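Structure first, then comments.
The values are calculated or read from the model by the stated rules, or taken from the named source; none is laboratory data. Values in this document were obtained by computation on a predicted structure and should not be read as measured data. Virtual Cβ from ideal backbone geometry, glycine too; neighbours counted across all protein chains shown. Please note that ligands, DNA and RNA were not included when accessible areas were found on the heavy atoms of the full protein model with its side chains. Shrake-Rupley method; radii C 1.70, N 1.55, O 1.52, S 1.80 Å.
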Amino acid sequence: MNDIQALMNKHIRTLTPYSTARDDFKGKAEVLLDANESWFGGSGVNRYPDPRCTELRKKIEDVMSIPFSMSAITNGSDEAIDLLMRIFCAPGDRIVIERPTYGAYRVFADLNNLSVVDVPLKDDYTLDVDKIGAVISGMQPKIIFICSPNNPTGQLYSFESVKAIADMNSGITVIDEAYIDFSGKEGMWRYIYENPRVVVLRTLSKAWALAGARIGIIIASEEIHEAVMKAKPPYNVSELSQRAALSMLDRRDEIESVKEDIIKERKDLSEYFSTLPFISEVFPSDSNFILIRTGDADRLYDYLASKSIIVRNRTSEPLLSGCLRITIGNREENKRLKEALDGYAV
Ligand SMILES: *Cc1c(COP(=O)(O)O)cnc(C)c1O
C-alpha cells in the first residue's frame, strides 16, 4: 500500500467493483446477448453506455489536453464531490472549505456525515493560507476543497497560494475549476505530477454549455483515478450525455468565440456596474458571472424580478451582505439588464 492508498477508506481499497457485461467482454461482436438489453430501438440507446467513457475521454484529451489515463467522467462535478468524500472520508472526519464558497461541498459533507471547518477568505476574497495552515496542523482534515475561480466571489486564487495549501496538506486537496475557462489561465492539473494528493475537477456545465448533460471530469493521479473508477456507479454517464459531450467538443471554435464574447461582456458590464450610484462594490471576476454589492440586495433583487430578470441573491450568506451574483448573459440579455438597472430608483 502506498501513501495515496493509505489515505483511502479501507473498504474502498479492498472493494471488488461491479463488473458490467461490457467489462467482461470488451471485443467486437455481432450478437450481444450478454446484458439483458432490448433489441428494439436501433438508435443505440437501447444499449448500456460505455462505463469508462472511453471515446469521450479520448476526445477530452484531444481537445482539452487532459491525459486519458488521468480523467474520469462523473454525472456532473456534483457526483465527483460526493465520490471523493466517500473514497477518502468516514463519518465524523473533517473537511475544510472556504467561506464564502460553492454550497455543494457542505451539502455533500452533511450527507456523508462529515464535519465541515470553513475558513473565511481574507477581506479581498483571497485565500488565507496561514489560517488554513493552522487548521491543517490542528485538525488533519481528510479533504480540503478549493474552488478557483471561486463561486460566488468570482476570483481565481494565485497558483502559489493553492500550491502552498496543497503542499502543507497531507490529505487530499480538491481544486474545483468549474470556471477556469473564463480565467485565461491553464488551470492546475499538471501540478498533480508534483503532488499526487491533488485532484482537479472540471465540468462541461459552464463554458462548454452542457449543464443539462451532466458531465464532470475528475483529473487525478493513478491511484485516485483507479479508486474513482471502482467506486463510481458503473453507468453514471448516460449514452445521450456522452454523445452530447462528444459533439460539443467538436465545436470548440464556436465555444471559444462564445467564451471570448462572455469575457468582453464581463468587462463592459463591470464598467457599467461601477457607474451606478447604488452599487458600492463590483468584484473582479475570472468567471462567467459578476458579484456586486448594493445597499439593499433584497430590494434590488425584487425589482429585477419584477422586470422578469432573475439574478442570484447571496445577501444572507456569510461575508456577502448586500451581494448579488449576476451571470453574464448574451448581448440582448445584458442590454435588458442594463435598461432595467437604469430605471432603478434608489
Ligand atoms: C457550476 C459549478 C460546478 C458544476 O457542477 P456540475 O455538477 O458539473 O454541473 C462545480 N463547481 C462549482 C463551484 C460550480 O459553480
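In terms of modelled amide H atoms, which long-range or inter-chain residues lie less than 5 Å from the amide H of N150?
Q155, L156, Y157
Can you compute the modelled spin-label distance between R13 and D110, with each label point 7 Å from Cα toward Cβ, in nm?
3.3 nm
With a 1.4 Å probe and every protein chain kept in, tell me what percent of the accessible surface of the chain is carbon plus sulfur.
On the way: 8260 of 16530 Å².
That share works out to 50 percent.
Roughly speaking, what is the stretch gain from S170 to D302, that is 0.36 nm per residue apart minus the C-alpha to C-alpha distance, in nm to one decimal? If you can, show how the numbers build up before the last one.
Working: separation 132, 0.36 × 132 = 47.52 nm, distance 4.59 nm.
Contour length minus Cα-Cα distance gives 42.9 nm.
Could you check what % of the DSSP bridge pairs in the chain are antiparallel, to the nearest 5? Before the final figure, lay out each step's value.
Numbers: 19 of 36 bridges.
Of the beta bridges lying entirely in the chain, close to 55 percent run antiparallel.
At what distance in angstrom do the alpha carbon centres of the range 190-265 and the range 103-130 lie from each other?
23 Å
Taking only protein heavy atoms into account and a 1.4 Å probe, give the accessible area per residue of the range 253-342 in Å². Can you show the working numbers first?
Values: 4790 Å² over 90 residues.
Heavy-atom SASA per residue in the range 253-342 reads 53 Å².
How many nm is it between the label spots at Y193 and L33, if each spot is 7 Å from the Cα in line with the beta carbon?
Each label point lies 7 Å from its Cα, and together they span 5.0 nm.
Which of the GluC sites (Glu not before Pro) found in the range 128-197 are in a DSSP loop and have at most 13 neighbouring Cβ atoms, other than their own, within 10 Å? Working shown, then result.
Numbers: sites: E160, E177, E186, E194; in loops: E177, E186, E194.
Those satisfying the criteria are E186, E194.
Given R₀ = 41 Å, FRET efficiency for D23-T315 by Cβ-Cβ distance, to 0.05?
Working: r = 49 Å, r/R0 = 1.20.
The computed FRET efficiency comes out at 0.25.
For K335 and S280 in one chain, what is 0.36 nm times their gap in residues minus the Cα-Cα distance, to one decimal in nm?
Values: separation 55, 0.36 × 55 = 19.80 nm, distance 2.09 nm.
Difference between extended and current length: 17.7 nm.
Using packing as a proxy for protection, rank 265-271, 26-32, 204-210 so that the peptide with the highest average count of other Cβ atoms within 10 Å comes first.
Values: 265-271: 16.0, 26-32: 6.9, 204-210: 21.1.
My ranking of the peptides, most packed first, is 204-210, 265-271, 26-32.
Give me the log10 of I(q) over I(0) for the chain at q = 0.08, 0.13 Å⁻¹, as the Debye formula computes it from C-alpha points; what are the numbers?
-0.43, -1.05
What number, in nm² with one decimal, is the all-direction average of the projected area of the convex hull of the alpha-carbon atoms of the range 253-342? Write down the numbers at each step before the final one.
Details: hull surface 22.9 nm².
Orientation-averaged projected area of the Cα hull: 5.7 nm².
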